[in-house]
Amino acid sequence: MKANFKYNLIWLIVMIAGFYLINTLILVGVIDSFIANMLVTIGINIILATGLNLIIGFAGQFSLGHAGFMAIGAYATAIVTQTASSPVGFYASIFIGIIVSIIAALIVGIPTLRLRGDYLAIATMGASEIIRIIINNLKMTGGAAGMFNIPQFADWPTVYIMVCLTTIIIVNFIHSRAGRAVKSVREDEIAAEAMGINITKWKLAAFVLGASTAAVAGSLHASYLQTIAPNDFGIMESISILIIVVLGGVGSITGTFVAAVVLGVLDTVLQNFGALRMVIYAIALVMIMIFKPSGLLGTWEFSVKRLFSRSKRKERVES
Amino acid sequence: MQTFFQQIINGLSLGSIYALLALGYTMVYGIIKLINFAHGDIYMLGAFWGYYVINVWHFNFISALLSAMLVGAASGVIIEYFAYRPLRHSPRITALITAIGVSFLLENGMSYLFTSNTRDFPQIIKQVNYHLGGVQISNIQILILATSCILMILLQLIIKKTKMGRAMRAVSVDADAAELVGININWTISFTFALGSSLAGAAGVLIGLYYNSIDPLMGMTPGIKAFVAAVLGGIGSVPGASVGGFIIGILETFVQSIGLSAYKDAVVYFVLIVILLILPAGIFGKNTKEKV
Amino acid sequence: MKKVVSMAAIVMTAGVFAGCSTAKTTTKGNQTTGNTIKIGVNMELSGAAAGYGQSQKQGIQLAASEINKDGGINVNGKKKKIKLVIRDNKTSNNTSASVAAQLTNNDKVVAIVGPATTNAGTAEIPNITKAAVPSVSPSATDPAYTLKKNGKVQPYVFRACYQNNFQGATAAKFMTNTLKAKRVAVYADNSSDYGTGLAKAFKKAYTGKVVDSQFFTAGDKDFNAVLTSFKSKKIDAIYAPGYYTEIGLIIKQARQAGINVPIVGSDGMADPKLAQIAGNNNASKIYYTTPFSDDVAKANPTAVKFMNKYKAKYNQDAPTFSALAYDSVYMIKQAIENEKSADSVKIAKGLAKIKNFDGVTGNITMDKEHNPEKPIAIEELTKGKVSESFNVK
């Protein structure tokens, strides 16, 4: 208990230090609004990808429908803040987005999570497309034109805090009893069931948690960018989140962070290449996958605890 | 009533296009369990090849079709060799991302080299419409319908009756055991890719001719639809891919004809999900029970 | 428990700091220093709208090279050359915002041309407004694109094309007055605001009966199902707002299915490729609203010059998208010369005051909502060639 408190404290300090680092860099002028824009995009991608990594990497359920839940959050914020244009309205809209996406995740998840592998992937992709097409044809959501002039309540500190929060929630979920149950389902459903684990329940739990973080990311996306359209949440968006997860290493939250940063920076740098940017991006993607098939970090996870115990062990050896 | 039969014809001709593409997906998936996202883009390459050779070298239809099949086969084998073979023993999801990367590369590479403008495909076969009791069908529609049926039977024969087909089935069931009994796995997988991709090349020319419009991103939408068709039919099964293609084609046409065109894709996906819930491995897929 | 505590601690500390000391960058527009005027291009060069974006890029490049050949833009007696900074936004809203930030902050451009689509355009607005750099979109058509939420005009947002309501209403009038169509079917592109917005505007202004209203998605190739259902409904005309890539196929398939009623569309069809895709024999009784008609062009030396130069440079007939993009660059030039300054804030002021500007797409005057007022015409295609132009009042 006491030991864990120490590590939690270290993490807390790291987070606050990170916050100050960015803030100082902005004040000094190293980070201009262009780089700030990149950082926010990376932050939103981290939220999306950690959620998806929970579903794919830890629960072992191949979902290709993450963009649909993101769309729910984004539209909840866009619609709510249109009438309630205040920070309170914004946070309420995040909450509403989470609730709606949980309901949607239950509706999608309860029947489809019985499917396996690629069949599940296609079913979730279909579900997310259905969500997008419905949004595309509703009056309330502005149809294909989407919604714009959304008031901006999410700036980089909001996104930063949300990244910390969702990561803490997901990492704690993974390290809890629930997380061990979820991982046992990934390893072997039949064995897990024999141990008395309700596999449907835990699959669903991971799926719902992932979906609700996606909704948060969607809310931030809508409020930061101030404009959304149904086409932002198509199959390609789901795929680009999947790319982050796989590139970082399926089952490694640290990897997801690294991959989101690497891809975010790569994408921004490639902005200087005009029409060639997507060509280079594609080549980079194929190359990384061929030379690092298990992702940049595999299943390796950064841990303060291990860092400490290792240095302690070293001390003991030396003395 | 006339309208009804006309819609059936429309549905069948759209379905035959999906079936043609779905066959290639299902072949590749059957053997290495890889969703070959680049399949739709090989179809695009086939269409561009046809466009080029007909316009510049004045090929006739048959030679354009055959050469496009060769080009499709070659590009399939090359892609497999460079992008998928190094990953054969990696997690499947890695190979999937690589496939997506290859697809991005083909789409964006082509639009970088040849601009993403839409082009009109040279009409080397003049379209003739036949009227049968008020229902209209064109010669190209019949051509596509016949081609996909013939190819389906041909593929089924290759897989079930030839030595190579037996090797393909063996590799798909258990690659290691197949290697032990002397099957050259690399060669078999390359052959499967060549076969599947040549179908995509042929589809490129046929569909280019039918719709008269090609562009570097043309593989994206039908690629995904065809993949859905393959899944619906039970991915890995040749008759399944055709049946899935026809079901989706007819379904889409039906939804549009009753005035729900805005929701046509949503309905297709909904039906897909429902079918998968009843038959978790698609219509013709084998539902393997896991043994403890 | 400890988790809850630590979480609460983070939220509180972060919240406190966020409140008092987060940095914000503010600038007062970009100035031109040195002998070049930097103009940014935020354009869809890859992704779904790449075809349109690339046409526009060609128009922009033609305009810039032409201006530079003449010595450049006259800024208060001194000629300065244009330097284009072209960046691809992948047809993605996210990237469009990032490109806008890069162009305004890092490249220090004084004006932006683009993006081509309304969605990417609205994504750009917060960043260009923050940087006080004006942007002229050649083809963002949503009526509310240039407006803030409260209905006031966005100070830095301009466009070179018609907004949807104007074009849709013109088509509706034409249907009733010239074609005498009483029963019309609408078949609109449902994947962008362009098709849906025009369809809405048309339905609002049309006085006859809209028999059926259906949608297609960009990338669709098979329209037989909907066309067959139209056929049995005794329609006098079809209104099909969308881009030439799909409308070309709709024309082809409609004619082959034996539907010979007039098909009316919008300026997204005004491209030589329309007739190529549809097939010349099918492209008869086709009408579309356009700023860029042959009749107008003949009376307009600017347009004739543009069309010849475009053909010489790119070896193809100039599409409307290129013409609109070409005009966007010249509008910025005009604004700079009128204001005698190439500072971004001044350019924005100059753009708002553009009057009787002699553009390829007609004589342009900016209205209060930053929409160009210019004449509209309707062209008729017969056998793939423009056979007649109608003026609609």
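What follows draws every value from the coordinates through simple rules; no lab data is involved. Please read all numbers here as calculations on a predicted model, not as lab measurements. Glycine gets a Cβ as well: all are built from the backbone with ideal geometry, and neighbour counts include every protein chain shown.
FRET efficiency for B:HIS58 and B:TRP187, Cβ-Cβ distance as r, R0 = 30 Å, nearest 0.05? Don't jump to the answer; show the numbers that get you there.
Numbers: r = 36 Å, r/R0 = 1.20.
Efficiency computed from Cβ-Cβ geometry: 0.25.
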query: Applying the Karplus parametrisation 6.51 cos²θ - 1.76 cosθ + 1.60 with θ = phi - 60° to the phi angles of the range A:190-207, what ³J(HN,Hα) value in whole Hz is obtained for each residue in order, glycine and proline being reported as x?
result: 5, 4, 4, 5, 5, 7, x, 8, 7, 5, 4, 4, 6, 4, 5, 4, 5, 4
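Out of all DSSP beta bridges in the range C:164-290, what portion is antiparallel? Express it as a percent rounded to 5. Please report the intermediate quantities before stating the final value.
Details: 0 of 15 bridges.
That works out to approximately 0 percent antiparallel.
Compactness ratio of chain A: Cα Rg over 2.2 N^0.38 Å, N = residue count? Display every interim value, and only then the final one.
Working: Rg = 20.1 Å, N = 319, 2.2 N^0.38 = 19.7 Å.
This ratio for chain A stands at 1.02.
Which of the pairs B:LYS264/C:LYS385; C:LYS38/C:LYS79; C:LYS130/C:LYS152; C:LYS285/C:LYS309; C:LYS305/C:LYS355; C:LYS57/C:LYS152 have their Cα atoms more than 24 Å apart in this structure? Let's see the in-between values first.
Numbers: B:LYS264/C:LYS385 34 Å; C:LYS38/C:LYS79 14 Å; C:LYS130/C:LYS152 17 Å; C:LYS285/C:LYS309 30 Å; C:LYS305/C:LYS355 21 Å; C:LYS57/C:LYS152 30 Å.
In this structure, B:LYS264/C:LYS385; C:LYS285/C:LYS309; C:LYS57/C:LYS152 lie more than 24 Å apart at Cα.
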query: Roughly what would the spin-label model give for A:THR299 and C:LYS233, points 7 Å off Cα along C-beta, in nm?
result: 5.7 nm
- request: Add +1 for every Lys or Arg and -1 for every Asp or Glu among the other residues with Cβ under 15 Å from the Cβ of A:ASP232, and state the total.
  value: -3
- prompt: Around C:THR320, what is the net charge, scoring Lys/Arg as +1 and Asp/Glu as -1 over all other residues with Cβ under 9 Å from its Cβ?
  reply: -2
task: Quick one: among C:ASN106, C:ASN260, C:ASN164, which has the greatest mean-square fluctuation in a GNM of chain C with alpha-carbon springs under 10 angstrom?
output: C:ASN106
- prompt: Cα gyration tensor of the range C:164-290, axes a ≥ b ≥ c as square roots of the eigenvalues: rounded (a/c below 1.5), prolate (a/b > b/c) or oblate?
  reply: rounded
- request: Please say if the range C:68-109 is rounded, prolate or oblate, where rounded means a/c under 1.5 for a ≥ b ≥ c the square roots of the C-alpha gyration tensor eigenvalues, and otherwise the choice is prolate for a/b larger than b/c and oblate otherwise?
  value: prolate
task: Only Cα pairs under 8 Å and at least 6 apart count here; give the relative contact order of chain C as a rounded whole percent.
output: 17 percent
message: Give the average over all directions of the projected area of the C-alpha convex hull of the protein assembly as shown, one decimal, in nm².
response: 42.7 nm²
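Please work out how much length the chain gains when fully extended from C:ASN177 to C:GLN256, using 0.36 nm per residue of separation minus the C-alpha to C-alpha distance, in nm with one decimal.
Details: separation 79, 0.36 × 79 = 28.44 nm, distance 2.77 nm.
Going from the current span to full extension adds 25.7 nm.
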- line: Listed by chain and number, the residues whose amide H is under 5 Å from that of C:VAL41, excluding neighbours fewer than 5 places away on the same chain and using placed H, are C:VAL85, C:ILE86, C:ARG87, C:VAL113
query: Per-residue ellipticity at 222 nm for the protein assembly as shown, helices alone: DSSP H runs ≥ 4 residues times -39500 (n - 2.57), over residue total, nearest 500 deg cm²/dmol?
result: -20500 deg cm²/dmol
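So for chain C, Kirkwood radius off the Cα pairs, Stokes-Einstein at 20 °C and 1.002 mPa s: how many µm² s⁻¹?
Translational diffusion coefficient: 98 µm²/s.
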message: Output wanted: per-residue J couplings in Hz (rounded whole) for the range B:54-61, from phi through Karplus 6.51 cos²θ - 1.76 cosθ + 1.60, θ = phi - 60°, x for Gly and Pro.
response: 6, 6, 9, 9, 6, 5, 8, 4
- line: Residue-ordered couplings for the range A:93-105, obtained by feeding phi - 60° into the Karplus form 6.51 cos²θ - 1.76 cosθ + 1.60 and rounding to whole Hz (Gly and Pro as x), are 5, 4, 4, 4, x, 4, 4, 5, 6, 5, 4, 4, 5
- line: Quick calc, A:PHE291 & B:LEU157: beta-carbon distance into FRET formula, R0 35 Å, rounding 0.05, result 0.30
- request: Would you grab the residues whose amide H sits under 5 Å from the one on C:GLU373? Only those 5+ places off in sequence or on another chain, please, with H modelled 1.01 Å from N.
  value: C:THR365, C:MET366, C:ASP367
task: Run the quick spin-label model on C:THR207 and C:SER65: label points 7 Å from Cα toward the beta carbon, then report their separation in nm to one decimal.
output: 5.0 nm
query: Once amide H atoms are built 1.01 Å from N in the peptide plane, which residues 5 or more positions from C:GLY265, or in another chain, come under 5 Å H to H?
result: C:ALA240, C:TYR287, C:TYR288, C:THR289
- line: Per the 1/(1 + (r/R0)^6) rule, R0 = 45 Å and r from the Cβ atoms of C:ASN106 and B:GLN127, FRET efficiency to 0.05 is 0.25
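Under unit Cβ charges (Lys, Arg +1; Asp, Glu -1), what dipole magnitude, rounded to 20 debye, does the protein assembly as shown have relative to its Cα centre?
On the way: 89 positive and 55 negative charges, 223 e Å.
The calculation lands at about 1080 debye.
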Spacing of the two label points (7 Å from each Cα toward its C-beta) at B:HIS89 and A:VAL265, in nm: 3.2 nm
Mean separation of Cα contacts under 8 Å (6+ apart) over length of the range C:285-376, as relative contact order %: 27 percent
Selected from B:ALA281, B:ALA226, B:ALA22 as most flexible by GNM, with chain B as the system and alpha-carbon contacts under 10 Å: B:ALA281
field: In chain A, lysine pairs with alpha-carbon atoms under 23 angstrom apart (chain gap of 8 or more, or interchain)
entry: 10
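Normalised by the number of residues in the range A:36-234, what is the relative contact order in percent for Cα pairs under 8 Å and 6+ residues apart?
44 percent
Around C:LYS78, what is the net charge, scoring Lys/Arg as +1 and Asp/Glu as -1 over all other residues with Cβ under 12 Å from its Cβ? Don't skip to the end; give the middle numbers.
Working: positive: C:LYS79, C:LYS80, C:LYS81, C:LYS340; negative: C:GLU337.
Every neighbour counted, the sum reads +3.
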- prompt: Which aspartates and glutamates does C:LYS353 reach when only Cα atoms under 20 Å apart count, and residues fewer than 8 places away in its own chain are ignored?
  reply: C:ASP327, C:GLU337, C:GLU339, C:ASP343, C:ASP367, C:GLU369, C:GLU373
- request: Using Cα centres only, tell me the gap between the range C:300-320 and the range B:85-124 in whole Å.
  value: 34 Å
query: Of C:GLY208, C:GLY258, C:GLY168, which has the largest mean-square fluctuation in a 10 Å C-alpha GNM of chain C?
result: C:GLY258
